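Accompanying notes for the structure given below.
The values are calculated or read from the model by the stated rules, or taken from the named source; none is laboratory data. Since the structure is predicted, the reported quantities are computational estimates derived from the model, not experimental observations. Here Cβ is always computed from backbone atoms with ideal geometry, including for glycine, and neighbour counts include all displayed protein chains. To get the accessible areas, we keep the full protein, side chains included, count just its heavy atoms, and leave off ligands, DNA and RNA. Shrake-Rupley method; radii C 1.70, N 1.55, O 1.52, S 1.80 Å.
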Amino acid sequence: MSNKMWGGRFSTGPNAIMEEINASIGFDQRLYAQDIAGSKAHATMLAAQGIVGAKDVEKIQKGLDTILSEIEAGRFTFRRDLEDIHMNVEQRLADLIGPSAGRLHTARSRNDQVATDFRLYVRDTIDALDAQLADLMTALAEKALAHAATVMPGFTHLQTAQPVTFGHHLMAYVEMLARDRGRLRDARTRLNESPLGSAALAGTSFPIDRDATAAALGFDRPTANSLDAVSDRDFVLETLAAAAICAIHLSRFAEEVVIWTSPSFGLIKLSDAFTTGSSIMPQKRNPDAAELARGKAGRIVGALTGLLVVMKGLPLAYAKDMQEDKEGAFDAFSALSLVIAATAGMVRDLEPEAARMRAAAGQGYSTATDLADWLVRALGIPFREAHHATGRIVALASERGVPLHRLSLEDMQGVDARITQDVFSVLSVTKSVASRTSYGGTAPVRVRAQARRWLKTLAKPA
């Protein structure tokens, strides 16, 4: 038999394989709330414009409310033969209220319907992710404030470079996540236009009020071009791009957690809450939460790449290829939400091994730059000359097998006779970090100021 929704042109039903490849209800059913909200706004507008009678619209609204209740209560049967969420809702509406249901689709198409639903869904997702990121930033800033003076090694090339504080390191991720929130909010601003009323691709001859439906659904305005409205998926791509960048940031943090918890580094510890054991090695404590957070970045980046490839060759306007816009996005957004939650849990759970951090911070002649800076300030010599002299002093310390602060004054004066006893005031890791008072620097006073600034900002209503 032909399909009830579009069967006038067709005398038989689709092949089983055709039905299998065509159906999307297995994943787009999660758009039910947005689909029903869009239909309610559309029905209200149809009545206000005199396109559909008030009695029919009253039945439609009550029927849609019933369907929403059924889905939320788990009493709704999603039918694969009806293809998608739109047809499933429409058919159930017909079962509930009869012929009046057929008036709901006046002046719209599944093309503008799905574009509207998906924009609403992505907008809701952005709002949820934004709240999660704010919570993670708060966790990081709180931990940073508590450890603003906890000295640790700062790395470049994963080699000890200069001493920093643990709080300063954590605040770097606060800045990254702030940019992630900014990108998501930018995407939200651009997506907040309503495609509803664009119909299949050319608009409609009915006297609809697109401003009214846009306002009812919380959009800033209706889209200005019907062709673009039904074929645009920039809003998904842009949000996935922001999600992918955020996932990379969280993956970098996860990688550091993996490294820092290893016995070779031993800079932080995680409790049983965010680690797992081994089935064969009883001594193991594996940072699986961090490893999974790191791994899920690949799925999120993959979703972005997948949709870019789907969209790259499509002519205007809608094509069924665009049904592939949802599964990857749904998976990516769910994965990112889970990773943010896991990372916030790890941040609140982890504790630095302060003594180990401090000892590691002094390894590898990490205060050599402080020595060079002292030579510039105290002796007034050019930095390049100071750099060369410091390199000779480091080589001498390495030859003697001692840290810089264990070299004698006489040894240093053998490199430059002008060096005085005051040089030892800059060679400790504590003095080093305290001296980095430039804006954005690692000095504890600066870290505390930045952490408090962010905590104050994050405490304000969004």
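Things to note:
- When restricted to residues that are open to solvent by 40 Å² or more (accessible area, probe 1.4 Å) and under 20 Å from residue 41 (Cα atoms), region 60-89 contains 6.
- The condition (being open to solvent by 30 Å² or more (accessible area, probe 1.4 Å), in contact (Cβ under 8 Å) with a residue 40 or more places away in the chain and of a type in the set (S, T, N, Q)) is satisfied by just one residue among 408, 428, 398: 428.
- Qualifying positions in region 115-135 - open to solvent by 10 Å² or more (accessible area, probe 1.4 Å) and of a type in the set (Val, Ile, Thr): 125
- Some residue of region 201-212 being open to solvent by less than 20 Å² (accessible area, probe 1.4 Å), of a type in the set (A, V, I, L, M) and either part of a loop (DSSP other than H, G, I, E, B) or touching a residue at least 24 places away in the same chain (Cβ under 8 Å) (or both): no
- Residue check for residue 172: surrounded by fewer than 23 Cβ atoms within 10 Å (Cβ to Cβ) and modelled with pLDDT of 95 or more: yes
- The residue pairs whose first member lies in region 27-47 and is at negative phi, whose second member is among the small types (Gly, Ala, Ser), and whose beta carbons are closer than 6 Å, counting only pairs six or more residues apart or on different chains, are 41/216; 45/212; 47/54.
- Scanning region 243-300 for residues that are in contact with a Ser or Thr (Cβ under 6 Å, 6 or more places away or on another chain), open to solvent by 60 Å² or more (accessible area, probe 1.4 Å) and assigned to a loop (DSSP other than H, G, I, E, B) yields 284, 285.
- In region 348-372, the residues that are farther than 21 Å from residue 263 by Cβ and open to solvent by 40 Å² or more (accessible area, probe 1.4 Å): 348, 365, 369
- For region 136-160, a residue qualifies if it is open to solvent by less than 30 Å² (accessible area, probe 1.4 Å) and within 19 Å of residue 255 (Cα to Cα), and the qualifying residues are 136, 137, 139, 140, 143, 144, 152, 153, 154.
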